[in-house]
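Bear in mind these aren't lab numbers, they're just calculated from the coordinates by the rules spelled out. Keep in mind it's a predicted model, so treat the numbers as computed, not measured. FYI the Cβ positions are ideal-geometry reconstructions off the backbone, even for glycines, and counts take in every protein chain you see.
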Amino acid sequence: MTIQPLLSVRHLTTEFHLADKQIARALEDVSFDVMPGQTIGLVGESGCGKTTTLMAIMRLLPASGRITAGNVYFNGTDLLTLSEHEMRSLRWKDMAIIFQGAMNALNPVMKIGDQIREAILLHNLMQRQAAEQRVDELLEMVGIPRLRRDQYPYQYSGGMRQRAMIAMALACSPDLLFADEPTTALDVMIQAQVLELLKQIQKNLGLAIVLVTHDLGVVAEMCDTVVVMYGGKVAEYGPAELVYNQPQHPYTQRLLEAFPDLSRSIELSAGSHRPDALSGGQDLATIPGTPPRLNALPPGCRFNPRCNKSMEICTQSAPKLVDMATPGSGARQLAACHLLNGTEIEDL
Amino acid sequence: MNENRTLFKRNLSDFWKAFRRNKLGLLGGFLVLTAILAATFAPLLSPYMPTEVIRDANGRGLTFAPPSVHAPLGTDDAGRDIWSQLIYGARVSLTVGFLAGFIAMFVGSLFGILAGYFGGRVDNLLMRVTDVLLVIPDLPLMLVLVATLRQMDLRISPLVVLVAVIGLLYWTSTARLIRSQVLTIKERQFVARSRAIGAGHAHIIRKHILPQIMPLIVTNTVLIISTAILVESGLAFLGLGDPTKPSWGAMLNFAFDRSAVTNGAWWFYLPPGFAIVWVTLGCVLLGNVLEEMLNPRLTAHHLESNQNMIAIQKQGGE
């Protein structure tokens, strides 16, 4: 018996109309599955289409953007065929999102408690009295004292705001939680707290999480599966251990090299208490250049101008995703690069 | 519920505390409030009816009599008490001003919110209508409108015509102001979050947009009321008011018609002019101070006294 994926994104393609009649293909042919209770990480540099993917799934793209191709199956129904009204009743009840930057996602002139209650009442899930109780419950779940439910966002610290956002996301008990860089702009201690909270909530409530981040450490700690995105396309997609230990796509490899390995690179030189990474350890690798502008994509593979293994063919045709996992292992590790000779796949 | 009420009371008293500190605002409030009180209690405050002719011992009307014990502000050409006319005129001027102001505020806010929130074609259409109204000179347009409407024998009071014309012409600046504010608010992320929650347009406008532009609306209403009073005075001065219910503008009209200036009857034309300045100045002062205070960014600081903050932080903590 196979478990049906909770969310199944297939060939999702979006276009944005820019000011001077130009068209930016923010996403092209993005496909991945989210299993119930699973955590999946969307990784990539800024501007690679991670947030756009989430917004496209929830059908919340700004007016200039639209989905031109693909399907988004949620529990078997294609979200792209639903009416706006049906979509509205589905949002937050089935899939909730924690936005990037909690301060901006909270209404500055509304009390935190009222903002959490808003979603519950909007979906007519319960009476006012019960909703109040639910808010208290949620706040307790994320560790915010009851006394502070009547305070405004500016009276909260960054970590508390993020936790309030998490409480809000859980208000209607969704099955799927999108977390858009939930730890960005928080200090390391608070980051750890927030991640711990997310983990705990997932364990207790059994919801699936799509975690968008550019922090590979967060992905390593949280995710079962990783989708590496570059320039609006999936570069590599597979189980977290495989992607981490045997990265196949050159972009994933360089991304991992660019991440500091604490066990290796910090050595204390004699007589000094200062970690002297420059002399003792390795230099941190970087990937030169920036991600492509989406209205002026390079021909062929989108990574080729920055790739250290770029070949002739890379500028001519875009590579397809191939399966690089050992045949028969049951796992699948997909990557899109001309260097790779994997099994061709059909269903994605 | 009870808790809420005390909280509201506390907010109100804090608001008053902050308001009291502002001298100009206090002055504005005083000016507006006295005018409203005078209009409300007109029968108690005026010794005569505004149409009543004051007669001397011989039964002759006291025409153009300077201020005296009998008539505190003198009398007009027919021997009627100026003070009483002034007090009763406040009723007309303020009623027209407030009603027209509210209509203008309502239409302007509606246009501004719809145009700003929905954007695109709706915005284009509504803003072009606004532009057209903005470029037509107000005064000639109003003169033509009022004169035409009155000739049509609609059996409605000339004051209603005035209210409608002023109210339906003076919303353009409000609409533009509110549109620009809505444009910035709707791009804020909490509006996106509200959409993600599953909220519809009506809910977003009511819960997230409206509270944020409310200060702007309140302030603008006060300012528009002052404009409406001024415009009404202007139109009435030109003879477009209701002669049976003279407003301050109509009083000025009478004064000039009946050659109060050449007769040196300053008590005839100065008081209504002064009254107009009194109310409009009050509205402007009040409007400016309200704007300062109702700004949502400042509100919380006004309302939350330092002691409260510390107490809550001690109990709550992070």
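One table, with the values for the structure above:
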read-out	value
Rounded, prolate or oblate (a/c below 1.5 giving rounded, otherwise prolate when a/b exceeds b/c) for region A:186-262 by Cα gyration tensor	prolate
Inter-label distance for A:ASN295 and B:ARG121, nm, one decimal - labels placed 7 Å from Cα along Cα-to-Cβ	2.5
Distance (nanometres) between label positions extended 7 Å along Cα→Cβ at A:GLN316 and A:ILE3	4.4
Helix-only [θ]222 nm of the protein assembly as shown, DSSP H runs n ≥ 4, -39500 (n - 2.57) each, per residue, nearest 500	-16000 deg cm²/dmol
Low-density loop positions, trypsin sites (Lys or Arg not before Pro), region B:93-181 - DSSP coil, at most 11 other Cβ in 10 Å	B:ARG155
Neighbourhood net charge (14 Å Cβ-Cβ; Lys/Arg +1, Asp/Glu -1) for A:GLN100	+1
Neighbour-count ranking [beta-carbon atoms within 10 angstrom, fewest first] of A:CYS314, A:CYS307	A:CYS307, A:CYS314
Relative contact order (%) - criterion: Cα under 8 Å, at least six apart; region: chain A	19
Helix axis angle, B:23-40 relative to chain B longest principal axis, alpha carbon, degrees	50
Cα-based Kirkwood hydrodynamic radius, the protein assembly as shown, one decimal, Å	30.3
Calculated P(r) of region A:290-335 - Cα pairs past 12 Å, %	67
Under the Debye formula (equal points on every Cα, no solvent term), log10 I(q)/I(0) of region A:1-120 at q = 0.10 Å⁻¹	-0.37
Global geometry of region B:1-135, whether rounded, prolate or oblate, following the gyration tensor of its Cα atoms and the 1.5 cut on a/c	oblate
Full-stretch length increase - B:VAL144, B:THR244 - with 0.36 nm per residue and alpha-carbon distance subtracted	33.9 nm
Set B:LYS23/B:LYS186; A:LYS21/B:LYS186; A:LYS21/A:LYS233; A:LYS93/A:LYS320; A:LYS93/A:LYS233 screened for pairs whose C-alpha atoms are more than 26 Å apart	B:LYS23/B:LYS186; A:LYS93/A:LYS320; A:LYS93/A:LYS233
Amide H partners (placed H, <5 Å) of A:ALA179, local residues excluded	A:ILE98, A:VAL210, A:LEU211, A:VAL212
Computed P(r) (all Cα pairs; chain B; 10 Å bins; percent)	6, 21, 25, 22, 14, 8, 3, 1, 0
Choice from B:THR95, B:THR51, B:THR184 with maximal GNM fluctuation in chain B (Cα, 10 Å cutoff)	B:THR184
Efficiency of FRET from Cβ geometry, B:MET152 and B:THR63, R₀ 41 Å, rounded to 0.05	0.65
More than 24 Å apart - percent of Cα-Cα pairs taken over region A:117-238	33
Neighbour-count order for A:GLU15, B:GLU187, fewest beta carbons within 10 angstrom listed first	B:GLU187, A:GLU15
Whole-number percent relative contact order across chain B, with pairs defined as alpha carbons under 8 Å at least 6 apart	25
Interchain or long-range residues, amide H under 5 Å from A:THR39's placed H	A:ILE209, A:ASP224, A:THR225
Paired Rg and Dmax values of chain A, which use every Cα atom, in angstrom	21.5, 68
Average projected area [Cα convex hull, region A:104-173], square nanometres	4.1
Footprinting exposure proxy for B:VAL92, B:VAL144 (fewest neighbouring C-beta atoms within 10 Å first)	B:VAL144, B:VAL92
Size of charge dipole - region B:90-167 - debye, nearest 20, with Cβ of Lys, Arg +1 and Asp, Glu -1, no other charges	180
